[in-house]
1. Evaluate Rg over Rh across region 1-125, taking Cα atoms for both radii and Kirkwood's formula for Rh.
2. Given 0.36 nm per residue, what is the gain on full extension from Arg155 to Ala77 after removing their alpha carbon distance, in nm?
3. Tell me the mean residue ellipticity at 222 nm calculated for the chain from its helices only (DSSP H runs of n ≥ 4, each -39500 (n - 2.57), averaged over every residue, nearest 500).
4. Averaged per residue, what accessible area in Å² does the chain show with a 1.4 Å probe, protein chains only?
5. Taking 0.36 nm per residue of sequence separation and subtracting the Cα-Cα distance, how much length would be gained by fully extending the chain between Leu148 and Arg131, in nm to one decimal?
6. How far apart, in nanometres, would the label points at Lys162 and Lys56 be if each is projected 7 angstrom from Cα along the Cα-to-Cβ direction?
7. State which helices in the chain qualify, where a helix is a whole DSSP H run, it must extend 20 Å or more along its own axis by its Cα atoms, and its mean Kyte-Doolittle hydropathy must be at least 0.0.
8. Does a label point 7 Å from the Cα of Asn70, set along Cα-to-beta-carbon, have any residues of region 28-44 with amide nitrogen under 18 Å, and which are they?
Amino acid sequence: MERPFNVLFLYTGNSARSIMAGAILNREGRGNFRAFSAGSQPKGRPHPYTLDLLRKLNFDVSGLRSKSWNEFSGPGAMPLDFILTVCDNAAGESCPFWPGQPMTAHWGVPDPAAATGNEAQVRQAFADAFRMLSHRISIFVNLPLRSLDKLTLQRQLNSIGKSKDSAA
């Protein structure tokens, strides 16, 4: 059996979208993926609504934490296969050296932590972000990753990020 694909989800603050994406992929990936999340300017802890939503959906949140992307870069870091940015800020930032020459793509999702309104409206923004990420990750885990050539795979990754259905 081949090793699982290592996937890093990046979001500047690493408090909501990237943490949700990592949790979703670790569940949906059925052992074929190991997902991680990080940020260039981590908030220090996951957003409380992120943890609430994941708990309500029966995810184990005990090991989730907000962390710097420095944990995944430089000498001695694990090789990464994919790096997926889930916010516009992280997509435009200068990134560190990533071991393993990972493929990259941008899967922008609106920031639920920036949502305004009453509590129900803000929580709905978190649920919407979760739904969008879940949709994209479902497509990703069903790609024949080991049989696609790099150019085709890159096109597929980019296409997932532009998916109209996932942002509807």
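The values are calculated or read from the model by the stated rules, or taken from the named source; none is laboratory data. Computed from a prediction, not measured in an experiment: that's the story for all the values here. Note that each Cβ is placed from the backbone with ideal geometry, even for glycine, and that neighbours are counted across all protein chains shown. Note: accessible area is taken over every heavy atom of the protein model, side chains too, but ligands, DNA and RNA are not part of it. Shrake-Rupley method; radii C 1.70, N 1.55, O 1.52, S 1.80 Å.
1. Values: Rg = 14.3 Å, Rh = 14.8 Å.
In region 1-125, Rg relative to Rh is 0.97.
2. Result for the pair: 25.4 nm of gain on full extension.
3. The per-residue figure over the chain is -11500 deg cm²/dmol.
4. Averaged over the residues of the chain, the accessible area is 50 Å².
5. Computed gain between Leu148 and Arg131 is 3.5 nm.
6. 3.4 nm
7. 119-141
8. Only 37-44 pass the distance filter.
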